[in-house]
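Written below as structure tokens is the structure these notes are about.
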Amino acid sequence: MGLLYEMNKNFGELLNEKTNFVFIGEAGSGKSEIVLNVAAKLARDTGRKVDVFDMDQTKPLYRSRDMKDAFAEIGVDIHYQDQFLDAPTAVGGVATSLSGDQYTLLDVGGGHPAARMVGGYAQFLRRDNAAPVYIVNPFRPWTKSIEAIDGTMSHILGASRLDHIYLLGNPNLGYHTTADDIVEGLEKLDKLFEGITTINSACVKRELYDAVADKTDKYLLPIELYLTYSWVDR
């Protein structure tokens, strides 16, 4: 696990120090929700322009691009390129945004195809103002062991030509997650990474924040559920 980066800092500190972020996570990690919440927080807290690039290559559901119109009202521009079937597509303007003075967030999904696309911007994402962030949901099948997590991260980072990553926990079981579920997930994270590192930051639904904050010393990022759809059983 030599890939780990700045794990001595909590995620709030990274948000204060960095301007470019790439968020990586497998399906079900909650990555796109986190991207939207970080974008909204940065726009509201700083008043600066925020660019979000939806670079998901495979998943037709739960996409940050679905919030494009609503987020434009708070100063967040969501960029994407329409796909034809499952053909990989490149989103324009990424390099220009990464070189500018606004915040830039890359929402990377779809495994290898999207990771290879991000590799074209590795020279920007290795700089001191950038933080590659890997979302870990300990309840997902591919996070049952440290070997599985390490293999997935190494595979994606190799394709994206990145050499370091910051780990952010997001323990959840979907819309019906309880505070006890989150506490259990935080304990799972500690056990998974015992002897390797400590994940000191995690996300929690805003309405559960107070109940969880009293039971952990980790930095907690309260998040809203923006990606809600009429067809989802809640």
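The figures follow:
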read-out: Qualifying residue in the stretch 203-226 (condition: surrounded by 19 or more Cβ atoms within 10 Å (Cβ to Cβ), within 17 Å of the chain's Cα centre (by Cα) and in a loop (DSSP other than H, G, I, E, B)); value: no
read-out: Residue within the stretch 160-178 that is under 16 Å from residue 30 (Cα atoms), assigned to a helix (DSSP H, G or I) and out of contact with any His (no Cβ under 9 Å at 6 or more places or on another chain) present; value: no
read-out: The stretch 10-26: number of residues that are at pLDDT 95 or above and closer than 12 Å to residue 167 by Cβ; value: 3
read-out: Single residue of the stretch 133-159 satisfying the filter (part of a loop (DSSP other than H, G, I, E, B) and either surrounded by fewer than 18 Cβ atoms within 10 Å (Cβ to Cβ) or acidic (Asp, Glu) (or both)) that is modelled with the highest pLDDT; value: 145
read-out: Lone qualifier among 115, 130 - being modelled with pLDDT of 90 or more, crowded, with 16+ Cβ neighbours inside 10 Å and closer than 22 Å to residue 199 by Cβ; value: 130
read-out: Whichever residue in the stretch 191-205 is of a type in the set (A, V, I, L, M) and in contact (Cβ under 8 Å) with a residue 40 or more places away in the chain and, among such residues, is farthest from residue 165 (Cα to Cα); value: 192
read-out: Qualifying residues in the stretch 92-112 (those that are over 19 Å from residue 17 (Cα atoms), out of contact with any Asp or Glu (no Cβ under 6 Å at 6 or more places or on another chain) and part of a loop (DSSP other than H, G, I, E, B)) - the one modelled with the highest pLDDT; value: 93
read-out: Residue ID - surrounded by the most Cβ atoms within 10 Å (Cβ to Cβ), chosen from residues in the stretch 1-40 that are among the basic types (Lys, Arg) and part of a loop (DSSP other than H, G, I, E, B); value: 18
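The values are calculated or read from the model by the stated rules, or taken from the named source; none is laboratory data. Keep in mind the model is a prediction, meaning the values are calculated, not measured. With ideal geometry, Cβ positions are generated from the backbone for all residues, glycine too; neighbour counts draw on all protein chains shown.
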